[in-house]
Amino acid sequence: MTSLDRQSVTEKLAHEGIRPRNHGEGNQKLTCPKCSHTRRDKSDPCLSLTISHDGAVWKCHNCEWSGGVYDRDPHERWHAAPPARPPVRIDRRPESLPAHAIAFFADRGISEDALRFADVGWSTARSAVMFPYRKPGDTALCNAKFRKLPKDGFSQIKDGEKVYWLLDKLDVAVSAELIIVEGEMDALSLIEAGIPNVLSVPDGAPKTVGQGDQHAKKFSFIPTCDQWIEPFERIVVATDADGPGEALAEELARRYGKDRCWVVKWPAGIKDANEYLIQHGKVALGEWCRKSKPWPIEGLYDVSDYRDQVLSLFWQGRARGVSTGFPSLDPLYTVAPGQLTVVTGIPNNGKSEIIDQFMVNLAKREGWTFGICSFENEPPEHISKLVEKWIGMPFWDGPTARMTSFNLEAAIEKIEDHFRFIRNEGQDGPTIKWILDMARQLVKRYGILGLVIDPYNEIEHRRPGNMTETEYVSLMLAEVTRFAKLHGVHVWFIAHPAKMKPDDRGKVSPPSLYDISGSANFVNKTDNGLTIHRGERDGTTDVFVRKVRAKWVGQRGRATLGYDRVTGRYSDLGETSLEGGASGNGR
C-alpha cells in the first residue's frame with residue numbers, strides 16, 4: 001500500500017472513529033468507538049480490524065458493528081485485483097547433518113538411511129534441521145521447514161507454497177496406497193518401517209473441523225496436490241491420537257471421501273507413529289500400520305470399532321446438531337453434519353429465504369462454508385439477499401435507508417469467504433450426479449459443511465423408461481444421502497409440493513412431505529423434514545418440523561419466527577409448539 005493509499009484509508013477510518021495502532025497489512029484488536037465507552041471494561045479490545053493491500057474491514061465482537069473502507073472506487077476495485085504472487089522457488093539445498101543432529105534422530109529411532117531418502121539436511125544460516133518441500137519433477141524447492149534442536153519449534157520460508165512433505169517421493173507403481181501423517185517425524189518413522197508413499201501435512205493439525213476461511217486456507221495444499229494424489233486408490237490416515245489429530249483425520253476423510261479412506265488407530269498410551277517406533281521398533285510399527293481399517297461409514301464392524309464412541313456417549317452424552325441461530329427452533333431442529341433435510345412449502349412462503357438465513361447464521365456463529373446450487377436465483381440477486389441478511393440493511397432504495405457501498409463491500413468480503421455457487425451454464429440442465437460431483441470439488445477445495453439444492457423440480461431427471469418414479473426418487477435420494485455421510489456435509493434439498501387447493505376461506509394449509517411432487521420417498525429417505533409456511537399473523541413465518549429421524553437432533557413440532565420484509569431477515573419470537581400441543585419457550 002502506498003503512502004497516499006495509507007493516507008486515504010487512514011482518513012476514512014478516522015471518519016468512522018477508528019484509529020489503528022499502525023497501518024501495516026494484518027489484523028489488530030482495538031476498542032470500539034460505538035460501544036466501548038458503555039462497557040464496564042472500557043479498555044477491552046473488542047473491535048477486530050483487518051488492513052489489506054487496498055483498504056480495511058472491521059467487526060466488533062460485542063455490538064456486532066461492522067464495515068469497511070477502501071482506497072479507490074468499489075467498481076474500480078473489483079476490476080483491479082492485485083496481481084497474484086509468483087510461486088516461491090528456492091535454489092538452496094540442505095547441507096549435511098552435523099553429528100549432534102544425526103544423534104537426535106537416532107534417539108527417536110530414525111536412521112541415516114531414512115534421512116537421506118527424505119533429503120533431510122542442515123541449514124547453517126538458521127542453525128536448524130531443514131526439511132525440503134518439492135513438487136514431483138521440480139529440481140528447485142517450493143518450500144522448506146526448519147526445526148531447532150532439541151526444541152519442537154518450527155519455521156518456514158516466507159511465502160513458500162503449501163504442499164505435502166515428501167510429495168516428490170510418491171510412486172504409485174510401487175503401491176496404490178499412500179499414508180498421511182501429521183508431522184515430519186511421523187513420516188520419517190514410517191519410512192524407517194519400510195512403508196512406501198508417505199506424506200506429512202505442511203502445517204500440523206487444526207483445532208476443530210471446518211471452521212471458517214482461515215481453516216480453508218490451512219487446507220489449500222489439498223487441491224494444489226490433487227493431481228499427484230488422484231492416482232492412488234487408498235488413502236490411509238494415521239494422525240495423532242488427540243483432539244487436533246482426530247479433527248485432521250476427519251477433515252482429510254471428508255475432503256478425499258470416506259469411501260476411499262482407511263484409518264490407523266494407535267493403541268492406548270501411544271500418541272503417534274514416532275512414539276510407536278520408539279517403544280516397539282520399526283517391524284512392529286510396519287505391522288501395526290498394515291492393520292489399518294476402512295473408515296467407518298455404514299456396514300458391519302467389530303464392537304471394538306465403537307468402544308471409544310460408546311464411552312464418550314456414556315460420560316458426555318449425545319452431542320446435538322448445530323443451532324440454526326433461533327432458540328425457539330433448537331428443541332425441534334438442529335443441523336447435524338452428514339444428514340439430509342428435505343424442505344417444502346407452497347410458493348412464495350420463504351423456503352429458500354429461511355435456508356439462506358440458516359446459512360448466514362451458521363457462517364457467522366460457526367464459521368461454516370456452503371455450496372449453493374439454486375435454479376431460481378441468479379447469483380448476483382442471491383448474493384444481494386445474503387448481504388441483506390448478513391448486515392441487516394436493505395439492498396435497494398425504499399422507505400428505509402439502504403446500505404452504503406462501504407457496507408456492501410465489507411459484506412461481500414464476508415460472503416465470499418463462506419459461500420460458493422454451483423452453476424450449469426450449458427444447454428442441458430444439471431443432473432443430480434453432476435451437482436454432487438461439483439459439490440465434491442467444493443468439499444475438497446473449500447471444505448464446505450453445507451449444501452443447498454434448490455429446487456428438486458428443476459434438476460434434469462433422466463429416469464430410465466423401465467423405472468417407476470418412486471424407484472427413481474429412492475435411488476436419487478440415496479445418492480444424496482451417501483454424499484452427505486461420506487463427506488460430513490449437511491444437505492438441504494428444497495422440493496415444491498404438488499398444486500394444492502385452497503379451502504372454503506381461500507387459504508391453503510401447510511403441506512406435508514407427502515404432498516411433494518414425485519414420491520413418498522421424500523418422507524422415507526430423508527433424515528429431517530421441514531415445511532415453511534406463512535404465519536397466521538402478519539410478519540411471521542411458521543417452521544413445521546415434520547420429521548426428525550434422530551431424537552438427539554430434535555423432535556416434531558412448530559416454531560414461529562418473525563420476518564422483516566425490508567431486510568429479508570428472520571427473528572426469534574420465542575414461540576415453540578411441540579407435537580401434541582405442548583409448548584415451550586425454545587430455551
For this session: Mind listing just one residue for me: the one in segment 235-276 that is among the aromatic types (F, W, Y) and open to solvent by less than 50 Å² (accessible area, probe 1.4 Å) and, of those, farthest from W288 (Cα to Cα)?
Result: Y256
Seminar exercise, completed: Requiring at least 2 residues that are surrounded by fewer than 18 Cβ atoms within 10 Å (Cβ to Cβ) and touching a Phe, Trp or Tyr at 6+ places or on another chain (Cβ under 9 Å), the strands (runs of 3 or more DSSP E) wholly within segment 9-64 are 47-52
Exercise. What pairs come up if the first residue lies in segment 474-492 and is polar (S, T, N, Q), the second is surrounded by fewer than 22 Cβ atoms within 10 Å (Cβ to Cβ) and not in a helix (DSSP H, G or I), and their beta carbons are under 7 Å apart, counting only those six or more places apart or on different chains?
Worked result: S474/K525; T481/K525
For this session: Being open to solvent by 10 Å² or more (accessible area, probe 1.4 Å), touching a residue at least 24 places away in the same chain (Cβ under 8 Å) and not in a loop (DSSP other than H, G, I, E, B) is the filter here, so list the residues in segment 375-396 that pass it.
Result: P379, I383, K385, E388, W390, I391
Exercise. Failed condition for D91, given (1) closer than 22 Å to Q156 by Cβ; (2) open to solvent by 50 Å² or more (accessible area, probe 1.4 Å); (3) at pLDDT 80 or above; (4) of a type outside the set (G, A, S), with all others met?
Worked result: (3)
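Of the residues K507, K551, which is outside any strand (DSSP E or B), under 15 Å from L332 (Cβ atoms) and without any contact (Cβ under 8 Å) to a residue 12 or more places away in the chain?
Unique residue meeting the criteria: K551.
Would you say R558 is touching a residue at least 40 places away in the same chain (Cβ under 8 Å), over 23 Å from A439 (Cβ atoms) and open to solvent by 10 Å² or more (accessible area, probe 1.4 Å)?
yes
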Exercise. P399 fails exactly one of the following numbered conditions: (1) surrounded by 21 or more Cβ atoms within 10 Å (Cβ to Cβ); (2) more than 17 Å from I354 (Cα to Cα). What is the number of that condition?
Worked result: (1)
Seminar exercise, completed: Checked A80, A103 against criteria (farther than 25 Å from A140 by Cα, loosely packed, with under 15 Cβ neighbours inside 10 Å and either among the basic types (K, R) or modelled with pLDDT of 75 or more (or both)); the one match is A103
Exercise. Is one or more of the residues making up segment 420-436 surrounded by 17 or more Cβ atoms within 10 Å (Cβ to Cβ) and among the small types (G, A, S)?
Worked result: no
Seminar exercise, completed: R482 fails exactly one of (1) closer than 30 Å to I222 by Cβ; (2) in a loop (DSSP other than H, G, I, E, B), namely (2)
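The values are calculated or read from the model by the stated rules, or taken from the named source; none is laboratory data. Just so you know, these numbers come straight off a predicted model, no measurement behind them. In this analysis, Cβ positions are derived from the backbone assuming ideal geometry, glycine residues included, and neighbour counts consider all displayed protein chains. Side chains are part of the model used for accessible areas, which takes the heavy atoms of the whole protein and leaves out ligands, DNA and RNA. Shrake-Rupley method; radii C 1.70, N 1.55, O 1.52, S 1.80 Å.
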